[in-house]
Amino acid sequence: MALMEWNDNMSVGLETADIHHKKLVSMVNSLHEAMLKGETKEVLAKILHALIVYTEKHFEYEEGLFKTNNYPDYDSHKREHDELTAQVKSLNDEFNSGSISLSIEVMTFLKNWLTEHIMDSDMKAGKYLNSKGVH
Ligand SMILES: [Fe+2]
Ligand SMILES: [Fe+2]
């Protein structure tokens, strides 16, 4: 069974952000599946790296969209993105240096890392943008 399941209550009302979020969910699931299959460290490292690259791209996209639309909570949202990026990068460093390996705890951390931001901050931003006619 997949670690995470996309469902409609995760929709933030922004078409492109939803597409990105679905992709992020599927990347976290791929990492989880690869871990369960006992894939090599190289394979896992590649997926984790791809997740980081995609996350940064997605955060940049949202920040651009929020800025263009004068989202009042832009600064705190951006700060949260920066923190999330730092967290996943330090996880990546620890994984690559061998000080941690992927475990269900790490995967649960990633699942919550993604879900909590979407369900709280992205949802608020989506509501604001929707009220301005942006979908
Ligand atoms: Fe997002
Ligand atoms: Fe966000």
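The values are calculated or read from the model by the stated rules, or taken from the named source; none is laboratory data. Computed from a prediction, not measured in an experiment: that's the story for all the values here. Here Cβ is always computed from backbone atoms with ideal geometry, including for glycine, and neighbour counts include all displayed protein chains. Just the protein is used for accessible areas: all its heavy atoms, side chains included, with ligands, DNA and RNA removed. Shrake-Rupley method; radii C 1.70, N 1.55, O 1.52, S 1.80 Å.
So how much accessible area does Leu3 have, in Å² to the nearest 10, using a 1.4 Å probe? The accessible area comes out at roughly 30 Å². If you count Lys pairs in region 70-135 whose Cα atoms are under 18 Å apart, skipping same-chain pairs closer than 8 places in sequence, the total is 5. For the chain, the fraction of alpha-carbon pairs lying more than 19 Å apart is 49 percent, rounded to a whole number. When the accessible area of region 40-131 is split by element with a 1.4 Å probe, what percent falls to carbon and sulfur? The nonpolar share, carbon plus sulfur, comes to 54 percent. Between Ser90 and Ser76, the simple spin-label model (points 7 angstrom out along Cα→Cβ) gives 2.2 nm. Within region 17-59, find all residues whose amide N lies under 19 Å from a label point positioned 7 Å from the Cα of Asn130 along Cα-to-beta-carbon. Flagged as within label range: 17-22. Per residue, region 12-135 exposes an accessible area of 53 Å² to a 1.4 Å probe, with every protein chain left in place. Remark on region 87-135: ratio of C-alpha radius of gyration to 2.2 N^0.38 Å is 1.63.
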